[in-house]
1. Going through region 120-140 one residue at a time, which ones are at pLDDT 95 or above, out of contact with any Phe, Trp or Tyr (no Cβ under 6 Å at 6 or more places or on another chain) and within 21 Å of Glu280 (Cβ to Cβ)?
2. Looking at region 204-230, which of its residues are assigned to a helix (DSSP H, G or I), open to solvent by 70 Å² or more (accessible area, probe 1.4 Å) and under 18 Å from Ile265 (Cα atoms)?
3. Starting from residues that are outside any helix (DSSP H, G or I) and of a type in the set (Ser, Thr, Tyr), keep the ones in region 81-103 and report whichever is nearest to Phe41 (Cα to Cα).
4. Is at least one residue of region 126-148 among the hydroxyl-bearing types (Ser, Thr, Tyr), over 30 Å from Ile34 (Cβ atoms) and touching a helix residue (DSSP H, G or I) at 6+ places or on another chain (Cβ under 6 Å)?
5. Could you please let me know if Ala126 is in contact with a Lys or Arg (Cβ under 8 Å, 6 or more places away or on another chain), open to solvent by less than 20 Å² (accessible area, probe 1.4 Å) and not hydroxyl-bearing (Ser, Thr, Tyr)?
6. Among the listed residues Ala144, Ala163, which satisfies the condition of being modelled with pLDDT of 95 or more and either more than 26 Å from Leu275 (Cβ to Cβ) or buried (at least 23 other Cβ atoms within 10 Å of the Cβ) (or both)?
7. Could you grab me the full set of residues in region 104-160 that are within 20 Å of Phe213 (Cα to Cα) and in a helix (DSSP H, G or I)?
8. Quick test for you: out of Ile90, Ile94, pick the one residue that is among the aliphatic types (A, V, I, L, M), modelled with pLDDT of 90 or more and crowded, with 20+ Cβ neighbours inside 10 Å.
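The values are calculated or read from the model by the stated rules, or taken from the named source; none is laboratory data. All values derive from a computational prediction rather than experimental measurement. All Cβ positions, even for glycine, are placed from backbone atoms using ideal geometry, and neighbour counts span all protein chains on display. Please note that ligands, DNA and RNA were not included when accessible areas were found on the heavy atoms of the full protein model with its side chains. Shrake-Rupley method; radii C 1.70, N 1.55, O 1.52, S 1.80 Å.
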Amino acid sequence: MHPQPLFTIFGQGVYLYGICFALGILCCFVFLYITMWKKKFSETSCDAVIFIGIFGTGFGILTAMLFQATYNYISNPAAGFDFGGSMTFIGGLIGGVVSFVGVWNLYMYVIRPRTKLKFLLGNMNAGLTDALPFIPIGITIAHAFGRFGCFWAGCCYGKETDAWYGMYCAKHYNSYTGVVSNGNLVIPTQLFEMFFLIILCVVMAVLYFKFKFNYNFAVYAIAYGIWRFLLEFIRGDSRGEFIGNALSPSQIWSIVMVLIGIGYIFVQKYFFSKLMKHPELSEPAQEEEKPVEQPAQT
């Protein structure tokens, strides 16, 4: 555990959690860019995915904090509404996906048909349906880094255990003295989830790059939904309440994820597959060239 800052910049502490979080996002976008280059996405198509993805990531961070603050308030209204105290991944995922899809459709069907800005009117040889098969791979990369950061921060830990894999958590760690005390070993659910995400990432990458599998969004939603639902039974930290005490908020959203994943299979098969442009099967995309001015006659 290393919950204390590694160093400070302008009086602000820099934590291992933040470093892992930032590295995860960076690796996600690097992967997306390399994949789009390999699949011959045009420059305009790449820019649309990257820039709208950056917006979706920022919005997802806000909704991750909003969801957790809402759960905490429902659980303990007397403590007040503490926005920004902590985050929940599924809340961030929901906000990120919804905002990305919303801004993408706004760009494609409202802005592009009406704008006169040339940099927004380049060749779009690929659409969102072409990117959906590999976007979940990038999400798992970022998520795995994030869970590794949770391990160092000591959040998202599991229940107490006497098993060989039990570890001390940051809740037992005195950041001032550096001494672990007054606590039992807990299940390192952060590491369990990190390894699961790495395996899921590799499986989806193999399916997409080797077998041209276009249903990875469904694979991700169903697999992670089931995993998270089960993992919640061994989580030991308090994450607020949503509807009663029977299920945690994350378990309720996990069920929703599984149902969305199942529904996506049919949407992809009967609708999205017809909208895919398959830029990798066409000639390399050429952006619109400016006319070359002829030299003046003398």
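1. Asp130, Ala131, Ile135, Ile137
2. Passing the criteria: Phe211, Ile226.
3. If we filter region 81-103 for residues that are outside any helix (DSSP H, G or I), which is where we start, we get 81-88.
From the residues that got through so far, the ones that are of a type in the set (Ser, Thr, Tyr) too are 86, 88.
Values: Ser86: 37, Thr88: 33 Å.
Taking the candidates together, the pick is Thr88.
4. No, region 126-148 contains no residue that is among the hydroxyl-bearing types (Ser, Thr, Tyr), over 30 Å from Ile34 (Cβ atoms) and touching a helix residue (DSSP H, G or I) at 6+ places or on another chain (Cβ under 6 Å).
5. On the way: in contact with a Lys or Arg (Cβ under 8 Å, 6 or more places away or on another chain): yes; open to solvent by less than 20 Å² (accessible area, probe 1.4 Å): yes; not hydroxyl-bearing (Ser, Thr, Tyr): yes.
Yes, satisfied.
6. On the way: Ala163 fails: modelled with pLDDT of 95 or more.
Only one candidate passes the filter, namely Ala144.
7. Within region 104-160, Leu128, Thr129, Asp130, Ala131, Ile135, Pro136, Ile137, Gly138, Ile139, Thr140, Ile141 meet the criteria.
8. Working: Ile94 fails: crowded, with 20+ Cβ neighbours inside 10 Å.
Criteria check complete, one pass: Ile90.
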